[in-house]
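To keep things clear, I will list the structure first and then write my remarks on it.
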Amino acid sequence: MTPDVSAPDMVIDARDVTLALGEGAARVEILKGVNLAVPAGERLAILGPSGSGKSSLMAVLSGLESATSGSIHIAGLNIVGLSEDGLAEARRGRIGIVLQAFHLIPTMTALENVAVPLELAGHADPFGEALRELQAVGLGERVSHYPTQLSGGEQQRVALARALAVRPALLFADEPTGNLDAATGETIVELLFRRLDETGATLVLITHDAELATKCSRVIRMRDGKIVSDTLTGAEVVGA
Ligand SMILES: Nc1ncnc2c1ncn2[C@@H]1O[C@H](COP(=O)(O)OP(=O)(O)OP(=O)(O)O)[C@@H](O)[C@H]1O
Ligand SMILES: [Mg+2]
């Protein structure tokens, strides 16, 4: 049995992580023994071909999917073997997630979308805090708009505000600019990096964009369910 210990000061400490889905002949091995330690303040980019397991790795590290074997400590907490409720509880306040499709709640205004996780976390003033978060991403004038009344770039700003509102130790972003034109994507990346400086969150960024990856402090490449390279870029991390 793997002892229940994790390296100190690592926001992510994942060892020998595997993920297999399906049963019998349909069983597919998706992650094949991933080891990854990420210190606080790092900006980690994950590159790799389509189907190499990037989103699957993010799913197990963020507790959206249960790993088949291995150990995963997130901010010191072992999340392997937790129930669905336990995983949800572990994510709350520790982990923020931004995806390619913005996944805002369509029946709620921008302000309500950002206030929801704050309310769930028991924040004393969820709407006041949500307003400040939206102002921090330049959307102070759009708080009463519904997602369909916002551009793609604006929706992604709301998603970013929502993910960072609870001050998670760790922000996962899976192709956060994938649905945006190049100029809007660049603005979102600048904003994302600025908000990381301001909030101190550690970043795990999945991207197909090698240029964007070089703005991160470390780049790993995945192939066929494994990490095949791991490079420090020398890019400066301001707020770490
Ligand atoms: N629920 C599932 N059941 C079976 N196989 C799956 C499931 N989800 C993903 N896979 C497979 O796992 C592999 C890795 O998928 P994953 O989505 O992690 O890749 P990715 O690197 O994020 O790719 P992309 O760049 O296209 O987003 C793929 O071969 C995919 O078909
Ligand atoms: Mg993916």
### Task
Please state which one of D224, D230 is open to solvent by 50 Å² or more (accessible area, probe 1.4 Å), touching a Ser or Thr at 6+ places or on another chain (Cβ under 8 Å) and among the acidic types (D, E).
D224
### Task
Kindly check whether there is at least one residue in the range 24-38 that is surrounded by 18 or more Cβ atoms within 10 Å (Cβ to Cβ) and away from ligand 1 (no atom under 12 Å from the Cβ).
yes
### Query
Which residue pairs have Cβ atoms closer than 7 Å, lie 6 or more positions apart in sequence or on different chains, and pair a first residue in the range 82-101 that is at pLDDT below 90 with a second residue that is open to solvent by less than 50 Å² (accessible area, probe 1.4 Å) and among the acidic types (D, E)?
Q100/D174; Q100/E175
### Subset of the range 113-138 [farther than 16 Å from V98 by Cα, touching a residue at least 12 places away in the same chain (Cβ under 8 Å) and open to solvent by 10 Å² or more (accessible area, probe 1.4 Å)]
L120, A121, H123, F127, E129, L131, A136, G138
### Task
For the range 6-40, name all the residues that are assigned to a loop (DSSP other than H, G, I, E, B), of a type outside the set (D, E) and under 19 Å from the mean Cα position of the chain (by Cα).
A40
### Task
For the range 161-177, enumerate the residues that are in contact with a strand residue (DSSP E or B) (Cβ under 7 Å, 6 or more places away or on another chain) and open to solvent by less than 30 Å² (accessible area, probe 1.4 Å).
A163, L164, P168, L170, L171, F172, A173, D174, E175, P176
### Query
Considering E89, E65, which residue is over 30 Å from E141 (Cβ atoms), within 16 Å of ligand 1 (Cβ to nearest atom) and open to solvent by 20 Å² or more (accessible area, probe 1.4 Å)?
E65
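The values are calculated or read from the model by the stated rules, or taken from the named source; none is laboratory data. Fair warning: this is a prediction, and the values are worked out from it, not measured in the lab. Here Cβ is always computed from backbone atoms with ideal geometry, including for glycine, and neighbour counts include all displayed protein chains. Ligands, DNA and RNA are stripped out before the accessible areas are found, and what is left, the full protein with its side chains, is counted by its heavy atoms. Shrake-Rupley method; radii C 1.70, N 1.55, O 1.52, S 1.80 Å.
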